[in-house]
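Data first, discussion second: the structure below is written as structure tokens.
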Amino acid sequence: MGPMSSVTRHAHAATRVGALAVAVTVLVATLAGCSRDGSISPNNPSNDASAPRAVVLTLTVVAEHPHDPTSFTEGLVFVDDDTLAESSGQYGTSDVRLAEPLTGQVQRRSLLDATQFAEGLALRQRTLVQLTWRERAVLRWTASDLTSMPGTTLDAEGWGLTYDAGADVFFHSNGTSTVAIRDPENLAEQRTIVVRRDGVEVPRVNELEFVAGQLWANVWQTNDILRIDPATGNVTGVLDCTRLDPKIGDPEAVLNGIAHRPGDPPNRLWVTGKRWPAMFEIDVGPAL
């Protein structure tokens, strides 16, 4: 090959410079943590050493009580020491009910419209507030006898619901990692938090319960209950409830129900699941 012309030399030089620039760009991107799989990314939340780490919580069964095995449990809340309110789902059979917590005996129930799928349930000022799923209806019932009261609508799917009496707000989940904090009267969204465990978003957050400044949540189709900082969304503790699962051979019979009885210590919870034949009183450790 003969000597390169001036034009050819410049063209080759430009090519080398361009290739070098691409290589530098790739190196910088790699060091910056731009890999899509997150395996080496220091900016990926899953590898962020500064992200709060959730502790593993322990479970002690205090008592086991009967629970209606036909109830497709979606929401659970104590009205008083002797009355447990429950929201039972499924189209055509959804209801809200009052039960005796130690026996599981249903004392009173009100059926929803057949087009409504019952979801989360919370208590505010002697009024039970119940969500429906895709219909996004907000139903209200008197806590004493389940008389229907005027309701409203929600701007998102209804999944879980709980009430913080201290701040006078509701917490609402919609099946994602986002939990909305809502106005107590019209349930308008005030702000949101994103639930993260060790820096990673947790999807399918479902049934909720607010206890002593902490938010507890079921994760749909898992045996985990999360303890969440309601100010940040960070998961502070994880409770594995696998040992409570009755394993009745029903794929829909998953853990889904958390309640705290007034007067109990803050680490005492009542838990059950969809179509579970038992309700469990449990102590969660380490102590809150």
Return only the number of the condition from (1) assigned to a loop (DSSP other than H, G, I, E, B); (2) surrounded by 17 or more Cβ atoms within 10 Å (Cβ to Cβ) that Arg134 does not satisfy. (2)
Taking the criterion of being among the basic types (Lys, Arg), under 28 Å from Asp168 (Cβ atoms), open to solvent by 40 Å² or more (accessible area, probe 1.4 Å) and out of contact with any His (no Cβ under 7 Å at 6 or more places or on another chain), would at least one residue in segment 241-264 satisfy it? yes
Against the condition modelled with pLDDT of 95 or more, more than 26 Å from Ala278 (Cα to Cα) and open to solvent by less than 50 Å² (accessible area, probe 1.4 Å), how does Pro203 come out, does it pass? no
Subset of segment 70-103, residues among the aliphatic types (A, V, I, L, M) and more than 13 Å from Phe117 (Cβ to Cβ), comes to Leu76, Val77, Val79, Leu84, Ala85, Leu98, Ala99, Leu102
Which ranges mark the strands (runs of 3 or more DSSP E) fully within segment 139-245 that have 1 or more residues being of a type in the set (Asp, Glu)? 161-164, 189-194, 205-211, 224-228, 235-240
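Residues are listed down the side, and each one gets a yes or a no for (1) over 23 Å from Ala99 (Cβ atoms); (2) in contact with a Cys (Cβ under 9 Å, 6 or more places away or on another chain); (3) of a type in the set (D, E, K, R); (4) surrounded by fewer than 18 Cβ atoms within 10 Å (Cβ to Cβ):
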| position | (1), (2), (3), (4) |
| --- | --- |
| Ala143 | no, no, no, no |
| Pro150 | yes, no, no, yes |
| Ser177 | yes, no, no, no |
| Val195 | yes, no, no, no |
| Gly213 | yes, no, no, yes |
| Leu239 | yes, no, no, no |
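The values are calculated or read from the model by the stated rules, or taken from the named source; none is laboratory data. Since this is a predicted model, take the numbers as computed values, not measurements. Positions of Cβ are backbone-derived with ideal geometry, glycine not excepted, and every protein chain shown enters the neighbour counts. All accessible areas refer to the heavy atoms of the entire protein, side chains included, with ligands and DNA or RNA removed. Shrake-Rupley method; radii C 1.70, N 1.55, O 1.52, S 1.80 Å.
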